[in-house]
Amino acid sequence: APPAVARGTVVAAAGDALQALDARSGELLGTVAAGSPIRLHADADLGIAALDADGLATGWRLATHLSVL
């Protein structure tokens, strides 16, 4: 599946997983097991939808955390 981009985050299929990467640095932000999607979608709220070849749709929501030191 082609990568999906939202809010400076790239979501890309990597083998049997989805990876969330920082669009500027390429830093890995997270990984989730996801099979092999043929279509990905990311929305402005960092909701991710993946569709596999059998027509099964799965969704996730990326969460963020802000720390102030």
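Could you identify the single residue in ASP22, ASP16 that is open to solvent by 70 Å² or more (accessible area, probe 1.4 Å), of a type in the set (D, E, K, R) and touching a Gly at 6+ places or on another chain (Cβ under 9 Å)?
ASP16
Within segment 25-42, track down each residue that is open to solvent by 60 Å² or more (accessible area, probe 1.4 Å) and over 15 Å from PRO2 (Cα atoms).
The answer is SER25, GLU27, LEU28, LEU29, THR31, ALA33.
Take segment 9-37 and flag every residue that is modelled with pLDDT under 90 and in a loop (DSSP other than H, G, I, E, B).
Residues satisfying the conditions are GLY15, ASP16, ALA34, GLY35, SER36, PRO37.
The values are calculated or read from the model by the stated rules, or taken from the named source; none is laboratory data. Computed from a predicted model, the values in this text were never measured in an experiment. Cβ atoms come from the backbone with ideal geometry, glycine included; neighbour counts cover every protein chain shown. Each accessible area value is taken on the protein alone, full model and side chains, heavy atoms only, with ligands, DNA and RNA left out. Shrake-Rupley method; radii C 1.70, N 1.55, O 1.52, S 1.80 Å.
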